[in-house]
Amino acid sequence: MKETLLGKSNVLIVDDEELYRRALERILSRSGYEVSTAREARGALEAVASGGLDLVLADIRMPGLNGIELVRQIREIQPDLPCIVITGYGSAENSVEALRAGAYWYMQKPFDEGHLDVVRRLVEQAIEHGKLKVENRMLHHQLRSRYRFQNIVGQSSALHRVLAQVEKIADTDSTVLITGESGTGKELIARAVHYNSRRADRPLVTVNCGAIPEELLESELFGHVRGAFTNAVADREGRFALADSGTLFLDEIGDMSPNLQVKLLRVLQERSFEPVGSSKTIHVNVRVIAATNQNLEQAIQHKRFREDLYYRLNVIPLEIPPLRERREDVPLLAEAFLARINKEKGTRITGISDETMSFLCAHPWPGNVRELENLIERLSVLRESGRIEVSDLPRNLMRPEPGAMLPTSPLPSSGLSFSDIVNRFEADLILQALEQTGWNKQQAAQLLGINRTTLLEKIKRKGLEKSVERDPAGDHAAPAVLPR
């Protein structure tokens with residue numbers, strides 16, 4: 001830890017006694033640290049405010065502000081900067097007070113040869129601890145940024161309704177039940193609820209109830225004590241305990257066994273549980289978010305899910321619409337996936353052709369957003385660069401789905417004008433899209449899976465501009481914006 005990618009670690013020594021100040025400076029400089037010194041708290045606070053420090057070592061007794069008060073003020077300026085308090089008096093009371101003030105640890109004078117290794121190890125550990133805290137804070141900030149509402153891609157009214165509900169309920173402690181088909185993004189919505197709530201700085205713990213065998217799931221949820229069962233060689237905390245003061249996300253709740261459903265119901269009612277093999281009751285403050293792709297009301301009728309548990313979970317229901325019900329989101333999602341994959345995989349895909357996008361928008365997407373994401377990744381990796389074309393698509397995306405809009409009457413014996421039929425069919429599609437979007441050309445283009453400029457050219461070429469102009473607000477209607 002003495003050397004980082006940006007150079008040596010920087011240590012500040014604060015002590016009014018020159019002898020000890022120089023002794024510590026010599027020890028740490030020889031150990032490879034960049035060392036600066038200060039004689040009193042004011043100079044130390046100025047150095048801390050300037051930034052760039054990795055550790056502060058402060059004497060506990062100095063004129064003016066003492067070392068413990070200095071630690072408190074440093075914590076207000078830089079909460080993640082570790083501080084070690086130096087004392088020449090060995091008072092247990094002072095040491096405890098220093099730790100309560102936020103010091104990483106304390107060490108005693110004098111610094112003789114026998115203590116050099118101890119000093120070096122303590123300094124190294126404190127710097128490592130500080131860097132880990134900074135990394136954790138940055139990671140948590142990235143998670144919160146990733147799951148802000150505006151980073152959930154889509155502008156369909158169906159998605160907006162869900163996000164509006166999430167915005168209303170995020171900052172409450174109410175239990176949430178998220179339903180929807182597999183691949184619709186239920187976990188993404190659960191994370192949005194957590195990271196936009198007052199519990200955002202506390203843990204979000206996830207359990208996939210369908211992926212863990214029943215005999216292990218109870219221990220996973222509630223923990224166990226040593227000897228509770230074979231191979232239980234040590235005590236282990238369960239997910240409820242780990243999520244205390246935060247959020248527990250129970251994915252695939254419909255797969256939970258009836259036996260565990262009873263125990264989960266009790267936790268929701270009493271906010272307490274006993275680890276497996278223990279009689280000790282543990283109380284927790286946990287918000288529960290559950291999700292399932294099953295119809296729980298039907299499961300209740302078939303005696304596979306408890307009705308009382310269902311009503312405990314279904315305090316606030318959130319139903320995520322399938323992708324086929326929000327096809328206007330397909331182009332936005334595809335472009336977002338392309339950008340991410342280009343960055344992560346090093347591909348150089350420049351876009352998706354209009355004709356290809358039309359096929360993507362027409363596909364029913366039984367696997368929903370996850371299926372679209374996987375397809376875009378596969379196409380990008382195989383294509384490597386350039387634009388994705390129709391020829392790149394798998395065959396199943398190029399077959400019309402049942403009920404697609406195709407002529408059903410037999411062809412006349414005298415023949416027909418193929419181009420006229422196609423042009424009329426295309427004009428009808430454009431008019432339908434414009435009517436459906438209130439004559440908003442941007443939204444109509446997205447609904448059709450083509451660029452806005454392409455739509456404008458087709459409108460002009462087919463003489464449809466006069467029809468569009470009957471709604472003067474049509475081209476100026478504001479596109480939908482995700483709630484912030």
The stretch 236-345 - percent relative contact order, Cα under 8 Å, separation 6 or more: 28
Between the stretch 41-55 and the stretch 362-400, the Cα center-to-center distance that results, in Å: 55
Relative packing of 17-25, 96-104, which averages over residues the other C-beta atoms within 10 Å, highest first: 96-104, 17-25
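If each residue's Cβ is checked for other Cβ atoms within 10 Å, how do Cys361, Cys209, Cys83 rank with the fewest at the top?
The most exposed by this proxy come first: Cys361, Cys209, Cys83.
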Hydrodynamic radius by Kirkwood, which averages 1/r over all alpha carbon pairs of the stretch 3-142, in angstrom: 15.0
The stretch 315-357-the stretch 202-243 distance, computed between alpha-carbon centres (Å): 36
Rh (Kirkwood; distinct C-alpha pairs) - the stretch 324-397, Å: 12.1
Cβ-based exposure ranking for Ser278, Ser9, Ser157, in which fewest neighbours within 10 Å come first: Ser157, Ser278, Ser9
Fewest-first sequence of Trp105, Trp439 by Cβ atoms within 10 Å of each Cβ: Trp105, Trp439
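Where a number appears in this text, it was derived from the coordinates with a stated rule and is not lab data. Source: prediction; values computed, not measured. When we count neighbours, we look across all protein chains shown, and the Cβ atoms used for this are built from the backbone with ideal geometry, even at glycine.
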